[in-house]
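Structure record follows, encoded as structure tokens.
Where a number appears in this text, it was derived from the coordinates with a stated rule and is not lab data. What you see is a predicted model, and the numbers here were worked out from it, not measured in a lab. Every residue, glycine as well, gets a Cβ built from its backbone with ideal geometry; the counts of neighbours run over all protein chains shown.
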Amino acid sequence: MRLEKMPSEFQEALPILEKIKAAGFEAYFVGGSVRDALLDRPIHDVDIASSSYPEETKAIFDRTVDIGIEHGTVLVLENGQEYEITTFRTEDVYVDYRRPSSVSFVRSLEEDLKRRDFTVNAFALNEKGEIVDLFHGLEDLENKVLRAVGLPHERFNEDALRIMRGFRFQASLGFELEEATSDAMKECAPLLEKISVERTFIEFDKLLLSPYWRQGVEAMLSSGAYHYLPEMKDRKEAIERLFDIELEYTFSTSEQAWAALVLALEIQDIPKFFKKWKTSREFAKTVEQIVEILKLREKGSLDKRACYKYEKRLLLLAEELREGYALSVDYLVIERVYDSLTIHDKHEVVVNGGMLIKEYGFQPGPALGEILTKIEYAIVDGELANEKEAIIAYIQQAKEEEK
Ligand code: ATP
Ligand code: MG
């Protein structure tokens, strides 16, 4: 089969294939970009596979970066773009279900395609637009079927992350799992426990952000795979609360999606939950804040203090999630209250501790901290202008009152 029209991303990258070929090697576009081109979906990162070994690839191009030589990947910089060129390889022996015990570079495209996870991810596309389809992937694309390349059981045993990837592609493509693939995912699900949490997180996160995320979550539930993910064991009913969200709703950021998950699971200690998932502390914090905003919002409109405490982006993300729960929304009120704030951060207060000590004879200590906080909130509440004179007068008055 031939691709009717090569998307511009591939056309731009054609000189790369041609250079590799001119040096006497084979080169193809591979992976998700070929699948997406065939589905007429937008393409991101164009990946290239070639029969040249990393050192040989580096010799062909002027500007390269070693980004994963041990896996056979060289980054090539050409006409302002970056392309990952990976040597054809096989991953034959897996010992701990986590990662290939060794990567062998090979000269055969077929060997390389055989080690790929699903038939629809195992195409190669040459410079003429011809599709190499060794595993009837085109038929699966047509039928919207996700099928493991080769023997499913073997493939999930080699790398259990493929089980998560299966759910993720279901969610992004809206495809159904082929029966033997689905059975093998179910049987091999316990192996997910051995996969690094970071890798699992990436796939789960992509799943949640996909248009058919419900389908992906449903598959995770019916396969029993959730039992082997952090903090999800035996939580089927809780996870199902995600389905209370409106049918059409899609999450707009990771933090928002994970906030919905945390709410469904009724997680109390959010930082601890994300420690198990090994995310950054900042990510955990952001999710926690979205959850806090939602809880505040349950009590009514957000006031100045609430709008001051959180970033506008998070206030709006939380409001958007309310749409998912079919709750009332009022973006305008949030915008208005937020924009009416005279300060958005305490560093914007024109007076600071150092100044009060130096110019007004204040003593360093907790009392100073208290008065600064009082000033900050008086400004936020609109009771005090953010002007030096007004603030000093305010302090003096507060002192008088104390006497
Ligand atoms: P996306 O569009 O989300 O980037 P993708 O299909 O390109 O999806 P990647 O994770 O970028 O997925 O991987 C690129 C390709 O590498 C896949 O299409 C697949 O052929 C192969 N691949 C990636 N991870 C695995 C894996 N764990 N086992 C087998 N093949 C894999
Ligand atoms: Mg990709």
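Distance from the Cα centre of the stretch 196-249 to that of the stretch 96-168, in angstrom? Centre-to-centre (Cα) distance: 23 Å.
For the stretch 296-366, rounded, prolate or oblate, judged on the Cα gyration tensor with a ≥ b ≥ c (square roots of eigenvalues), a/c < 1.5 rounded, else prolate if a/b > b/c?
Prolate.
Using the alpha-carbon positions of the stretch 144-229, Rg (one decimal) and Dmax (whole number) come out as 11.3, 30 Å.
Using only Cα coordinates, the Kirkwood hydrodynamic radius of the stretch 131-189 works out to 11.6 Å.
For Ser254, neighbours were defined as the other residues whose beta-carbon sits under 10 Å from its Cβ, and their charges (Lys and Arg +1, Asp and Glu -1) total -1. For the stretch 237-341, averaging the sequence separation of C-alpha pairs within contact (under 8 Å, six or more residues apart) and dividing by the residue count gives a relative contact order of 29 percent.
Relative contact order of the stretch 144-229, taken over Cα pairs closer than 8 Å and 6 or more residues apart, is 37 percent.
Would you please classify the overall shape of the stretch 237-341 from the alpha carbon gyration tensor, given that a ≥ b ≥ c denote the square roots of the eigenvalues, rounded means a/c under 1.5, and beyond that prolate means a/b larger than b/c while oblate covers the rest?
oblate
Using the rule -39500 (n - 2.57) for each DSSP H run of four or more residues, divided by the residues of the chain, the 222 nm mean residue ellipticity is -15000 deg cm²/dmol. Computed over the stretch 347-402, relative contact order equals 31 percent, with contacts defined as Cα pairs under 8 Å that lie 6+ residues apart.
Using a cut-off of 26 Å between Cα atoms, the listed pairs Lys5/Lys144; Lys206/Lys299; Lys312/Lys346; Lys275/Lys346; Lys299/Lys388; Lys272/Lys295 include Lys206/Lys299; Lys275/Lys346; Lys299/Lys388 as exceeding that distance. Ordered from longest to shortest, the equivalent ellipsoid semi-axes for the chain are 52, 27, 20 Å, each the square root of 5 times a Cα gyration tensor eigenvalue. Only alpha carbons enter this Debye calculation for the stretch 347-402, each as an equal point scatterer, and the log10 of I(q)/I(0) it gives at q = 0.14, 0.18 Å⁻¹ is -0.32, -0.54. Look at where the Cα atoms of the stretch 18-37 and of the stretch 266-284 average out, and the two centres are 41 Å apart.
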